[in-house]
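The values are calculated or read from the model by the stated rules, or taken from the named source; none is laboratory data. Owing to the predicted nature of the structure, the values given are computational and were not obtained by experimental measurement. Ideal geometry is used to build each Cβ from the backbone, glycine not excepted, and the neighbour counts take in all protein chains shown.
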Amino acid sequence: MKVAPSVLSADFGNLQRDVEAICDAGCDLVHIDVMDGHFVPNLTIGPVVVSSIAKCATKPLDIHLMVQNNTFFVELFAPLKPKYISFHIEEEKHPHRLIQKIRSLGIKPAIVLNPHTPPESIEYLIQELDMILLMSVNPGFGGQSFIDSVIPKATKLNEMKNKINPKCLIEVDGGVNDKNIQQLKDVGVDIVVAGSYVFKHKSKEEAIKSLQI
């Protein structure tokens, strides 16, 4: 299991310290939640702050767009060369075109599904994706409780992608901790996003290692 701590839960007054700490503690990716105050009722960070994160991060960036006008934001963040850029299927009218655009920029494309969105909604796109992100909380705020219905959803998605594109990874974001990590691994999840669990733990290294099972 790979672990992508979400900097949304970091101390923004000491952002460099916290980003360096999770990288030194052995995380696999640095997860960055970009919210525009329209698609979700929260506003987070733009390319100036993410550029600063990129300079001190020694692990690849995993940028999760929770925005309207996805193409604009893809172009905004592409120069930072993240490993992944993910966008919400609920907000995108031309997902195939956007997937191709992200890939043409040398970035791995990913699609995000909100808790209520069925896996079948992206079946025709799985062949084109490097990753699918399942939200296990409602997007917009950190520190929420895990929604259990993501388990059967991940099971279904794993079956679908194994038939269509076995190399496509499954990522889960929201309420992940040492109590549900084994269950997530058992249903085929490859990467977990963990914010509060990692940043509020007394040892970031212990927290990350407890998820890398």
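Some observations on this one:
- So S52, is it at negative phi, buried (at least 18 other Cβ atoms within 10 Å of the Cβ) and either of a type in the set (G, A, S) or at pLDDT below 95 (or both): no
- Residues satisfying the stated conditions in the stretch 75-89, i.e. under 14 Å from A110 (Cα atoms) and exposed (fewer than 14 other Cβ atoms within 10 Å of the Cβ): none
- E91 vs. criteria farther than 30 Å from S203 by Cβ, in contact with a helix residue (DSSP H, G or I) (Cβ under 8 Å, 6 or more places away or on another chain) and of a type in the set (D, E): yes
- Index of the failed condition, N42 passing every other in (1) modelled with pLDDT under 95; (2) touching a helix residue (DSSP H, G or I) at 6+ places or on another chain (Cβ under 7 Å); (3) not basic (K, R): (2)
- Residue that is farthest from D18 (Cα to Cα) [pool: residues in the stretch 166-205 that are in contact with a Pro (Cβ under 9 Å, 6 or more places away or on another chain) and not in a loop (DSSP other than H, G, I, E, B)]: D173
- Matching residues in the stretch 166-202 - criterion: being free of Cβ contacts under 8 Å to residues at least 24 places away in the same chain and under 16 Å from A10 (Cβ atoms): Y197, H201, K202
- The set of residues in the stretch 74-104 that are hydrophobic (A, V, I, L, M, F, W, C) and over 18 Å from L133 (Cα atoms) comprises L76, F77, A78, L80.
- Candidate set from the stretch 1-42 (those that are of a type in the set (D, E, K, R) and outside any loop (DSSP other than H, G, I, E, B)); member that is surrounded by the most Cβ atoms within 10 Å (Cβ to Cβ): D33
- Annotation note: of K59, K55, the sole residue that is assigned to a helix (DSSP H, G or I), among the charged types (D, E, K, R) and either over 12 Å from P139 (Cα atoms) or touching a residue at least 60 places away in the same chain (Cβ under 8 Å) (or both) is K55.
- Selection within the stretch 86-98 - closer than 14 Å to L113 by Cα and aliphatic (A, V, I, L, M): I89
- Residue-level analysis places I126 among those that are of a type outside the set (D, E), in contact with a Cys (Cβ under 8 Å, 6 or more places away or on another chain) and surrounded by fewer than 21 Cβ atoms within 10 Å (Cβ to Cβ).
- Within the stretch 118-152, the set of residues being under 17 Å from H64 (Cα atoms), part of a loop (DSSP other than H, G, I, E, B) and either modelled with pLDDT of 95 or more or touching a Leu at 6+ places or on another chain (Cβ under 7 Å) (or both) comprises L129, D130, S136, G142.
- Residue in the stretch 66-74 that is part of a strand (DSSP E or B) and closer than 19 Å to A110 by Cβ present: yes
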